[in-house]
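Everything below concerns the one structure shown next.
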Amino acid sequence: MISEVLPYAVALGAVVVALITIYMMRSGRKKTGEEPSEVTEAAAILPLKGERTVTNFDAQKSKKELSLLDVEREILSYGIRRLYEAQAEGKISEKERERLAQGYKQRMLEIKDSMSENESVVALHELEGMQEDLIKLFNERFDEINKKIGGLRVNLDIKPKPEIPKPSSALPSSLPEKATRKPRKPLVPKKTEAEERIDQIRAEVEKVLERLGQMETEA
């Protein structure tokens, strides 16, 4: 069960990282008084793109190789078992058994390494496919929201407005600056639709990770 859920958690986490990056870019620019539109601030990293390092041909080749290696491993296992039986029957000595089995054992180690490598290739291909599907879904959703935002702005004939810092009032010369300065309450900006979507996806990832922890405990 864990192996089935974990790839989705990893791929979904990559999407969340991208969304958080957009949010951090927006927050950093707000501090400097800039307020670019969603299209401008996301242009540097969107649309998200997944990199394909393993082709379908490579994945199918690795699967075929795994099948052949598995058959060879069964043959070698039978050969080693037969050597022990031959020793028990008195046909060969322990020293002869070890000498004959050495080649079988060495090949078994080579097969183990080859199977591990081919299994990694197949797993990587499957993970990249899942990542590609999730990124495609995210890009489509983001583009849909962006078009709606643009359409509403056109209908309302409004544009994004940058925050203009308020000029500080001059302090009386007779009073020290520290005595007249009042603490300011931090402004809590209203969340945009994109930021609310970030919170939703982050919540989904937390649920997946929580489920993984439960399954590990049950195992």
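Structural remarks
- Computed FRET value (nearest 0.05) for residue 126 with residue 77, which takes r as the C-beta separation and R₀ as 22 Å: 0.20
- Cβ-placed point charges (K, R +1; D, E -1), dipole of the range 51-168 about Cα centre in debye, nearest 20: 340 debye
- Packing-based exposure ordering (other Cβ within 10 Å, fewest first) of 57, 138: 57, 138
- Gain on full extension, evaluated as 0.36 nm per residue between residue 70 and residue 52 minus their Cα-Cα distance, stands at 3.7 nm.
- Selection from 87, 134, 123, by position along the positive dipole direction of the range 78-156 (Cβ): 87
All of the numbers you see were taken from the coordinates with simple rules; none came from a lab. Here the structure is a predicted model, which means the values were calculated and not measured. A quick note on method: Cβ atoms are made from the backbone with ideal geometry, for glycine too, and the neighbour counts reach across all protein chains shown.
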